[in-house]
């Protein structure tokens, strides 16, 4: 049964996905009553297109249906995927040295399960994109649920494997926006496109370099249920600090304050501050680091007046810049430009820049 907290949790999963599982039962000539009961979903609510269920309820329904029908594809493909099929994909991927290799293994081994769809990973221009190519038609009433689930399975596994939320940049789907389109930003990200050529999502390619954090024991525990369909439990984003630094460096005008920066990251200012705190840093500290690096670079590479350097790196006047620079380095901007940085400070700054 779903956790007791599911009743008070936000009900955001569309009833359309519950209906898709009920249709899978009909394809197999079975009744969905036990599955609905396990998820605490009243049969009378299934026909209400406006209704929603919680993530915990839906995961309970999904897991029960996969086992009872012995088909982890829930009727999507031309042949069933027996219970344990996605566990095989996890086991094939869990020994990978990093997330990039794990995802490539997942895509390759998925073809052993079915060729009805092909999943691939492409990397270009700093973005990693997972794509689904439809080779054979999925039953029309199950197509949306199939494509959404296949993307979420891999997203959930990836986030679980590196123990970090993999923040998506955008997601696309090859069908028109459904009545429950407002649920898509909760499942994926704010930038969702409908009517696209294929189903896909993209994220920062640097996630691919992160090592896997899970082992076989953790995998056995995870596979006692169906694959996680949500990544909300992974509040930590291991690339968040890097992404914030990059935005502060490359888009300073758009990232001038916490709300603006959070909007660029598809988050809220409150979540941004909390996640940075979990990483052991803060927005102010990252701003100072970026300003320090930019100031040092400008002082080394050009002869602009100190006042211009101060304005260029975001200070209102030369005095406040000089005070902050002395706190960072132990010397004034002028002394730094003349190469009068103490040896210990120079070494400390080099180490800081390396990290």
| task | Count, please, the residues in region 331-347 that happen to be assigned to a loop (DSSP other than H, G, I, E, B) and modelled with pLDDT under 85. | result | 5
| field | Conditions (1) modelled with pLDDT of 95 or more; (2) farther than 22 Å from residue 180 by Cβ; (3) surrounded by fewer than 18 Cβ atoms within 10 Å (Cβ to Cβ): number failed by residue 128 | value | (3)
| Matching residues, region 189-205, being assigned to a strand (DSSP E or B) and more than 12 Å from the chain's Cα centre (by Cα) | 192, 193, 194, 199, 200
| message | Looking at 276, 286 in this structure, which one is under 27 Å from residue 186 (Cβ atoms), surrounded by 18 or more Cβ atoms within 10 Å (Cβ to Cβ) and either free of Cβ contacts under 8 Å to residues at least 60 places away in the same chain or outside the structural domain of residue 189 (by TED's automatic domain parsing) (or both)? | response | 276
| field | Selection from region 144-192 of residues that are in contact (Cβ under 8 Å) with a residue 40 or more places away in the chain and farther than 20 Å from residue 12 by Cα | value | 154, 157, 158, 159, 160, 161, 162, 163, 164, 166, 169, 174
| field | Out of 56, 24, 60, sole residue that is part of a helix (DSSP H, G or I) and at pLDDT 95 or above | value | 24
| Of the residues that make up region 147-162, is at least one farther than 26 Å from residue 67 by Cβ and either at pLDDT below 95 or over 12 Å from the mean Cα position of the chain (by Cα) (or both)? | yes
| said: Could you check region 134-184 and list, in sequence order, the residues that are assigned to a helix (DSSP H, G or I) and surrounded by fewer than 15 Cβ atoms within 10 Å (Cβ to Cβ)? | reply: 140, 181, 182
| From the list 20, 73, 12, which one is touching a strand residue (DSSP E or B) at 6+ places or on another chain (Cβ under 6 Å), over 17 Å from residue 224 (Cβ atoms) and touching a residue at least 60 places away in the same chain (Cβ under 8 Å)? | 12
| task | Name every residue in region 86-112 that is free of Cβ contacts under 8 Å to residues at least 40 places away in the same chain, more than 18 Å from residue 217 (Cα to Cα) and surrounded by fewer than 21 Cβ atoms within 10 Å (Cβ to Cβ), in order of residue number. | result | 101, 104, 105, 107, 108, 109, 111, 112
| said: Anything in region 92-117 that is in contact with a helix residue (DSSP H, G or I) (Cβ under 7 Å, 6 or more places away or on another chain) and assigned to a helix (DSSP H, G or I)? List them, or say none. | reply: 92, 93, 94, 99, 100, 102, 103, 105, 106, 109, 110, 113
| Can you tell me which residues in region 292-317 are farther than 13 Å from residue 336 by Cα and in a loop (DSSP other than H, G, I, E, B)? | 304, 305, 313, 314, 315, 316, 317
| Quick one: is residue 318 in contact (Cβ under 8 Å) with a residue 24 or more places away in the chain and either over 16 Å from residue 241 (Cα atoms) or over 24 Å from the mean Cα position of the chain (by Cα) (or both)? | no
| Options 124, 133; residue that is out of contact with any helix residue (DSSP H, G or I) (no Cβ under 9 Å at 6 or more places or on another chain) and not assigned by TED's automatic domain parsing to the domain that holds residue 65 | 133
| field | region 39-53, residues that are surrounded by 15 or more Cβ atoms within 10 Å (Cβ to Cβ) and either over 18 Å from residue 26 (Cβ atoms) or touching a strand residue (DSSP E or B) at 6+ places or on another chain (Cβ under 9 Å) (or both) | value | 39, 40, 41, 51, 52, 53
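The values are calculated or read from the model by the stated rules, or taken from the named source; none is laboratory data. As the structure is a computational prediction, the values presented were derived from the model and not from experiment. With ideal geometry, Cβ positions are generated from the backbone for all residues, glycine too; neighbour counts draw on all protein chains shown.
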